[in-house]
1. With the cut-off at 21 Å, report for the range 61-215 the share of all Cα pairs above it, as a whole percent.
2. Just 242, 86, 266 to compare: in a GNM of the chain, with alpha carbon springs under 10 Å, which one fluctuates most?
3. Restricting the count to DSSP beta bridges whose residues both fall in the range 8-209, what percent are antiparallel, rounded to a multiple of 5?
4. Suppose every K and R has +1 on its Cβ and every D and E has -1 on its Cβ; what is the size of the dipole of the range 220-294 about the Cα centre, in Debye to the nearest 20?
5. I need the P(r) histogram for the range 1-62: all alpha carbon pairs, bin width 5 Å from 0 out to the longest distance, whole percents.
6. Just to be sure I understand the curve: with the Debye formula and one point per C-alpha of the range 4-142, what is log10 I(q)/I(0) at q = 0.11, 0.15 Å⁻¹?
7. For the residue pair residue 271 and residue 88, what label-to-label distance in nm results when each label sits 7 Å from Cα along the Cα-to-beta-carbon direction?
8. Taking a virtual spin label 7 Å from the Cα of residue 35 along the C-beta vector, which residues in the range 155-195 bring their backbone nitrogen under 12 Å of it?
Amino acid sequence: MQIDPSSPRQAQELLNSHGLRAQKRLGQNFLCDKNILDKIVRGAELTSSDRVVEIGGGMGALTLALSAATGHVTTVEIDQLLRPILEQVVADRHNVSLVFEDFLRLDIVKLFDEAFGDSPGTVVANIPYYITTPILEQLIIHKKRLKKIVLLVQQEFAARMTAPAGSDECGAMSLYAQYHANIELVGIVPKTVFLPQPEVNSAIIALTPVIPGTVSVSSETRLFYLTRAAFGQRRKTLLNALMRAPASFGLGFNMDSRKEVEELLLNADIDGTRRGETLNLTEFARLTEESLILHPIS
Ligand code: SAM
């Protein structure tokens, strides 16, 4: 009989029978709800010829759902203790490969080459909250290999990723992600569907990478310098934030002269008395182009 790790009772029995407990330090909150699993799979818009990399296989609840919906699934799991369970759960699935490694330490290019071949693939993950940002950054770095990224994350993180410019939740990381991908909130996930229950609710987000980006800029480095400068001094006027932006943000120039920043803002047609965090990506793109005229990258 097929083991069903999406049933809370069977998931608990699996842990018990292997003498294991969910490890908090690895963010092990196992998803035990068929409707939510379906929702994640639907969010990934998979076809039978797609190839998926799953990060954090756990006991295989999501792995099984993905394997039923697509061509091939490569599941990465850091915890060797879960190996016997995962191997048992996917034993009759011929389209699943298991990789027991730390996703943040493995060779991602090699993983994607082996998992996807030449075509772009999909990443789906119910990821541990404490490494959400580094995982997303790695996926964005390799976005050319990806057609879709579907993540189950803390609700608060999902709110930041989908936040409109000017809202309290919108930060430099929001704009970074929103430059690299179109981001959609697929649904909210109550904490009650996990074993054990986490302290907060979660949400599913779907990212569709955009190449090169969602706005047009001549230098991404300069764009992100400016967003970090503007957000680095929240609640300050844009004029002050840009004047105080540390050169350590890495561009080798310092906009410390008021006259220079005023000229930049005038040329970009942006009111310097606005707070930096109210600008949207289109305005940051304009600022980027004007700043490149004043300070070309050598
Ligand atoms: N996919 C399963 C599910 O939905 O029930 C498990 C999700 S659980 C929130 C996160 C899983 O990620 C855990 O099994 C944990 O051991 C694994 N994990 C934690 N850090 C990891 C890392 N750096 N690389 C790969 N897997 C990791």
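Just so you know, all these numbers are worked out from the coordinates, no wet-lab data involved. Keep in mind that what you see is a predicted model, and the values were worked out from it rather than measured. Cβ atoms come from the backbone with ideal geometry, glycine included; neighbour counts cover every protein chain shown.
1. 49
2. Top of the fluctuation ranking is 266.
3. Among the beta bridges of the range 8-209, antiparallel pairing accounts for roughly 45 percent.
4. 420
5. 4, 15, 23, 25, 17, 10, 5, 1
6. -0.37, -0.70
7. The answer from the label model is 6.5 nm.
8. Residues passing the 12 Å test: 188-190, 193.
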